[in-house]
Amino acid sequence: MSDFMKKFSLEGKVALITGASYGIGFAIASAYAQAGAKIVFNDIKQELVDKGLAAYEEKGIKAHGYVCDVTKEDQVQDMVAKIEKEVGVIDILVNNAGIIKRIPMCEMTADQFRQVIDVDLNAPFIVSKAVIPSMIKKGHGKIINICSMMSELGRETVSAYAAAKGGLKMLTRNIASEYGEFNIQCNGIGPGYIATPQTAPLREIQPDGSRHPFDQFIIAKTPAARWGETEDLQGPAVFLASDASDFVNGHVLYVDGGILAYIGKQPQ
Ligand code: NAP
Ligand code: GCO
């Protein structure tokens, strides 16, 4: 491998990707493994961690899985201490775990709002806070927060999610500002509309066999005229985790097929 390409390698790095038994986190972790990283992930339930371990195994990846609810600071602190003992100090953190509740704001309870904020915003704070001290000691670190189109745009029924993902964009910038001097880079990835379990309800085939109206809407809003696949996020994620992005800090890289740039296809 040329010296230049070595900049994109993750050889020998320890990467923690939260909530990565499947979906976007799983795809990012799989790419990191191919780039040479040791893969660590968590999920809330042992059965999901086991399912995830089997899925990684199937791809020839020997991952390390931990049961941890990322909203619980004590569980996160314990998990990070275990990882440092059993695998090594975390070089790369991807705050991927997330939930969404699609409820009209005036019908959403304060508790439902708080649940989304807890996972999508408080948890990235908690997990980042747990890994930064060792990154400072080690002299480098990469933190990548999985943001969203809703870090920039609102839409009906996703008030809590948009508030969380907008806050996550600013938390990304703040971590970049506060810890850049320790050679820690914190950036975001803003996926467009990606085909995963989280968006499955938006892509359901209608009783008459037609595509879901939202599915058709996204196709019209995306210059690439398609939903993203989790694989579309792998290259950008490896770049932001690698030495090649050491002077990229506080940036949200939108991987959206051009949605944010496009007014949308005119109705024919
Ligand atoms: P997903 O399929 O719903 O997977 C989310 C993952 O997070 C699951 O493994 C889930 O575990 C885990 N998780 C949820 N709450 C957790 C908690 N408290 N502690 C630990 N793990 C937890 O979602 P996805 O589509 O892959 O999305 C992953 C990330 O990308 C999320 O942050 C999402 O907001 C963001 N995103 C998604 C899209 C998209 O179009 N799909 C676009 C932009 C951004 P369980 O199975 O146990 O719940
Ligand atoms: C929704 C979708 C989006 C995507 C993603 C877009 O209901 O609008 O779930 O929020 O998940 O965040 O970037």
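Against the numbered list (1) farther than 24 Å from PHE26 by Cα; (2) open to solvent by less than 20 Å² (accessible area, probe 1.4 Å), ILE205 comes up short only at (2).
Taking VAL94, is it crowded, with 23+ Cβ neighbours inside 10 Å and away from ligand 2 (no atom under 16 Å from the Cβ)? No.
Being in a loop (DSSP other than H, G, I, E, B) and at pLDDT 95 or above is true of ARG226. Any idea which residue in segment 101-121 is farthest from ALA162 (Cα to Cα), counting only those that are open to solvent by less than 40 Å² (accessible area, probe 1.4 Å) and in a loop (DSSP other than H, G, I, E, B)? Per the stated criteria, the residue is MET108.
Residues checked against (1) surrounded by fewer than 18 Cβ atoms within 10 Å (Cβ to Cβ); (2) closer than 28 Å to ASN95 by Cβ:
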residue	(1), (2)
PRO201	yes, yes
ILE219	yes, no
GLU231	yes, yes
GLN234	no, yes
GLY250	yes, yes
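Of the set (1) small (Gly, Ala, Ser); (2) over 17 Å from the mean Cα position of the chain (by Cα); (3) away from ligand 1 (no atom under 16 Å from the Cβ), all apply to ALA200 but (3).
Residues in segment 236-248 that are crowded, with 16+ Cβ neighbours inside 10 Å, assigned to a helix (DSSP H, G or I), out of contact with any Asp or Glu (no Cβ under 9 Å at 6 or more places or on another chain) and touching a residue at least 60 places away in the same chain (Cβ under 8 Å): 6 in all. Candidates ILE189, ILE205, ILE175: the one that is outside any helix (DSSP H, G or I) and away from ligand 2 (no atom under 11 Å from the Cβ) is ILE205.
Do the conditions hold for GLY180, that is, is it open to solvent by less than 50 Å² (accessible area, probe 1.4 Å), in contact with a Ser or Thr (Cβ under 9 Å, 6 or more places away or on another chain) and either modelled with pLDDT of 95 or more or within 16 Å of ligand 2 (Cβ to nearest atom) (or both)? Considered against the rule, which asks whether it is open to solvent by less than 50 Å² (accessible area, probe 1.4 Å), in contact with a Ser or Thr (Cβ under 9 Å, 6 or more places away or on another chain) and either modelled with pLDDT of 95 or more or within 16 Å of ligand 2 (Cβ to nearest atom) (or both), GLY180 comes out as no.
Residue-wise test of (1) part of a helix (DSSP H, G or I); (2) open to solvent by less than 30 Å² (accessible area, probe 1.4 Å); (3) within 21 Å of ILE126 (Cβ to Cβ).
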position: SER9; (1), (2), (3): no, yes, no
position: ILE17; (1), (2), (3): no, yes, yes
position: GLY25; (1), (2), (3): yes, yes, yes
position: GLY36; (1), (2), (3): no, yes, no
position: GLU47; (1), (2), (3): yes, no, no
position: ASP50; (1), (2), (3): yes, no, no
position: ILE61; (1), (2), (3): no, yes, no
position: TYR66; (1), (2), (3): no, yes, yes
position: ASP69; (1), (2), (3): no, no, yes
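Contact map, segment 190-215: first residue under 20 Å from ALA20 (Cβ atoms), second residue part of a helix (DSSP H, G or I) and open to solvent by 50 Å² or more (accessible area, probe 1.4 Å), Cβ cut-off under 7 Å, separation 6 or more or different chains; pairs are ALA195/ARG203. Take the residues in segment 150-168 that are within 12 Å of ligand 1 (Cβ to nearest atom) and of a type outside the set (A, V, I, L, M), then tell me which one is most open to solvent (accessible area, probe 1.4 Å). Per the stated criteria, the residue is GLU152.
The values are calculated or read from the model by the stated rules, or taken from the named source; none is laboratory data. Quantities reported herein were computed from a predicted structural model and do not represent experimental measurements. Cβ coordinates were reconstructed from backbone atoms using ideal geometry, including for glycine residues, and neighbour counts include every protein chain displayed. Please note that ligands, DNA and RNA were not included when accessible areas were found on the heavy atoms of the full protein model with its side chains. Shrake-Rupley method; radii C 1.70, N 1.55, O 1.52, S 1.80 Å.
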